[in-house]
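Visitor: A single structure is presented below for examination.
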Amino acid sequence: MTDNVFRKLIAKRAMTLLGLAKHITQCQSSKQIMIRPLMGDLLSQSTQLEELLDSYGAGSNCEWCAFRSLTAVIKLFSDVSYELLHIKYSLPTYRLLQIEEDFMTATEETLEFTVDVLRRAANQIIAKAEQLSLPVPSQGLREESYIEELPPGCLEHHCQTRRIETAAETVTLLTTAFLNLAVESEDVRAASRAKPEDYVSCVLDSVSEKKLRSLELRFHNLQSLYDTYVSGTEAAQLDTDLPVLRGHISVVFHLLRTATLFVHHYERHVNKQPCDSPGRQESIVKAEVLLDVLMKYSVTHINLYIGCAEHLCHEMLKRYAEVGEIEVPVPPYRGFHVRPSTLIAKLVLHYGSEIQMEMDGEVYDASSPLGMFRANEKINAQKRRWLAAEIVHLNLVKDQNGQSDMNAVVREVVLTLAGRSKLILYEQPLELPEEPARNEGTLLENVVDEIARLLAMGKIDVDVKLTAKFIGDKRVLADIKLLAESGYGEDNFGNNVSLPEKLSYLRR
């Protein structure tokens, strides 16, 4: 294709976009640009033109790459501006919970930033078009269309509400899905606490475009789930917290969209010149300014609205809790030590429910790892009694006169029990303490004490098939049961094992 043919093609196809750019340069205030019909036309025209430019390889042509880059800037910032305008006009219907920040003011300030970028991009693309000998309209196009007068009020709701089986099932489905997504968002939420000097590393890691796009899609799916199965049903009338939850799902989704667009521009365009040609232009947006908006507006408010909606979900789940109980085996490797206790507590806190564990007449708070640790006193006591009973039952200590080498007897007893699969050896060869546990009593008593000490030191263990009872919300108990069936995340020797997909939130 010759340059002349391509120039004529672009001159025809870019006319509308250049007319819109001309209109923006003639606007006296930002308010005249913050109009959804204008943003919609900008997005549509820039998208079409960018696609045409790309189809002819303009991004790799020194004469056209800058024009193509400016088209991409207009496309992205008209898109993010439309998102911000959607948030602004939807806020009254979202019924958002109170947060520390003034969200409306922050949204307005971010809109001022994106509109300023569009204004500068409009001036530059007109200048570039003139350099390329592309005709630029002398007046903005269809200016009368870019006034958004919105009368107050809303249409009456005449449509009949749909019936559902139970509100409880709907609440459980949505709140559980939201809580799972809240866990998936932990990296992004943690980035809201980063200092400005750490913003660049955050974009490379926790708030990369890849991660943000994934979260954006999942929150969009959750919003679609609500609109498909809840909107227009009597569930929202039965539980007025459901529309509140929907508002938080939606605002987080749209904030994620703004974050994704900001990061995309940072990763793809900021500080990356189209080429080394003499006519290259500096980036319209400075990296530090873009990152500041990304982190202080998008990421900060994503964290705040997920956080308050988490609390809302916990409260909703509690209202619909069906109390039940299950009996599960005690973790075979050292009972409720750090890993199983932490996983159980994390599981319980994830749902925000009250779960108790009962064992041997004692009650423990399943949301507290330290509380669960206390159960090991009972577990170890039962293991010691079982070991003593087995040693006596199998008559493993025959010399009651105290004349035998006690260490040799202890080793023989341990190996005999291990050989009969009644004991697990974690240390081979087994090293015994230099000093005996006590210097008095019968050989049997001393041997039992020594083996009990080996048990306490973690050198040996026994599987006595102990069980624990958990009482509370059946939905939480179902996950505890699944965790127990998965060995509480470890095998009989304490090695890490993978958890089922349903429990993936415990690994974050």
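Rule-based calculations on the coordinates, nothing more; no lab input. Note that this is a predicted model, so its numbers are computed, not measured. Reconstructed Cβ throughout: ideal geometry from the backbone, glycine too, with neighbour counts over all protein chains shown.
Visitor: At what distance in nm do the modelled label points of ARG13 and SER201 sit from each other, each positioned 7 Å from its Cα along Cα→Cβ?
Guide: Output for this residue pair reads 4.4 nm.
Visitor: Sticking with this structure for a sec: Rounded to the nearest 10 degrees, what's the angle between the helix 474-485 long axis and the longest principal axis of the chain, both from Cα atoms, 0 to 90?
Guide: For helix 474-485, the angle is close to 60 degrees.
Visitor: A follow-up question, please. Once you sort the root eigenvalues of the Cα gyration tensor of the chain as a ≥ b ≥ c, which label holds: rounded (a/c under 1.5), prolate (a/b larger than b/c) or oblate (the other case)?
Guide: prolate
Visitor: Can I ask one more? Would you calculate the separation in nanometres between label points at ARG193 and HIS314, each defined as 7 Å from the Cα along the Cα-to-beta-carbon direction?
Guide: 1.6
Visitor: Further question on the same structure: For LYS8, list the lysines whose Cα falls under 23 Å from its own Cα; do not include residues on the same chain fewer than 8 positions away.
Guide: Result set, ordered by chain and number: LYS22, LYS75, LYS128.
Visitor: Among the lysines, which have Cα under 19 Å from the Cα of LYS469 when same-chain residues fewer than 8 positions away are ignored?
Guide: LYS346, LYS378, LYS383, LYS481
Visitor: Give, rounded to the nearest 20 debye, the magnitude of the charge dipole that the chain has about its Cα centre when Lys and Arg contribute +1 at Cβ and Asp and Glu contribute -1 at Cβ.
Guide: It comes to approximately 1280 debye.
Visitor: Please count, across segment 166-320, the pairs of lysine residues with Cα atoms under 19 Å apart that sit 8 or more places apart or on different chains.
Guide: 5
Visitor: Something else about it: Starting from the Cα-Cα distance between LEU415 and SER498, subtract it from 0.36 nm times their residue separation and give me the gain in nm to one decimal.
Guide: Using 0.36 nm per residue and subtracting the Cα-Cα distance, I get 26.7 nm.
Visitor: Given a Förster distance of 35 Å, report the FRET efficiency between GLN48 and THR105 from their Cβ-Cβ distance, rounded to the nearest 0.05.
Guide: 0.50
Visitor: Expressed as an acute angle from 0 to 90° and rounded to the nearest 10, what is the orientation of the C-alpha long axis of helix 15-26 relative to the principal long axis of the chain?
Guide: In the chain, helix 15-26 runs at an angle near 90 degrees to the longest axis.
Visitor: Could you tell me the relative contact order of the chain? Use alpha-carbon pairs under 8 Å, at least six residues apart, and round to a whole percent.
Guide: Relative contact order, the chain: 15 percent.
Visitor: With unit charges on the beta carbons (Lys and Arg positive, Asp and Glu negative) and the dipole taken about the Cα centre of the chain, which residue among HIS158, PRO369, VAL330 sits farthest to the positive side?
Guide: Working it through, the farthest residue towards the positive pole turns out to be HIS158.
Visitor: Can I ask one more? To the nearest 500 deg cm²/dmol, what mean residue ellipticity at 222 nm is calculated for the chain from DSSP H runs of n ≥ 4 alone, each contributing -39,500 (n - 2.57), summed and divided by the residues?
Guide: Result for the chain, helices only: -19000 deg cm²/dmol.
Visitor: Which cross-chain or sequence-distant (5 or more) residues have an amide H under 5 Å from the amide H of ALA468, H modelled 1.01 Å from N in plane?
Guide: Placed amide hydrogens put VAL328, VAL330 under 5 Å from ALA468.
Visitor: Once R0 is set to 22 Å, what does the formula 1/(1 + (r/R0)^6) return for the Cβ-Cβ distance between ARG36 and ASP227, expressed as a FRET efficiency to the nearest 0.05?
Guide: Efficiency at R0 = 22 Å is approximately 0.60.
Visitor: Next question, about the same structure. At a 10 angstrom cut-off on C-beta neighbours, averaged per residue, how do the peptides 79-86, 234-241 rank from highest to lowest?
Guide: 79-86, 234-241
Visitor: Set Lys and Arg Cβ to +1 and Asp and Glu Cβ to -1, take the dipole of segment 166-320 about its Cα centre, and tell me which of LEU215, ALA168, ILE249 lies farthest positive.
Guide: Result: LEU215.
Visitor: Right, next: Using the Karplus equation 6.51 cos²θ - 1.76 cosθ + 1.60 (θ = phi - 60°), what ³J(HN,Hα) coupling, rounded to whole Hz, does each residue of segment 495-508 give in order, writing x for Gly and Pro?
Guide: Rounded to whole hertz, the list is 7, 5, 10, 6, 9, x, 4, 4, 9, 4, 5, 6, 8, 9.
Visitor: How far apart, in nm, are two points set 7 Å out from the Cα along the Cα-to-Cβ line at LYS398 and at LEU132?
Guide: If labels sit at LYS398 and LEU132, their model points lie 9.9 nm apart.
Visitor: Per-residue counts of other Cβ atoms within 10 Å, averaged by peptide: what ranking do you get for 439-451, 325-337, 111-123, highest first?
Guide: The most tightly packed comes first, giving 111-123, 325-337, 439-451.
Visitor: Could you tell me what percent of the DSSP beta bridges with both partners in the chain are antiparallel, to the nearest 5?
Guide: Antiparallel bridges make up about 95 percent of those DSSP assigns within the chain.
Visitor: Still on this model: For the Cα atoms of the chain, what angle does the longest principal axis make with the long axis of helix 443-456, in degrees from 0 to 90, nearest 10?
Guide: Value to nearest ten degrees: 0.
Visitor: How would you classify segment 69-214 from its alpha-carbon gyration tensor, with a ≥ b ≥ c the square roots of the eigenvalues: rounded for a/c under 1.5, else prolate if a/b is greater than b/c, otherwise oblate?
Guide: In terms of gyration-tensor shape, oblate.
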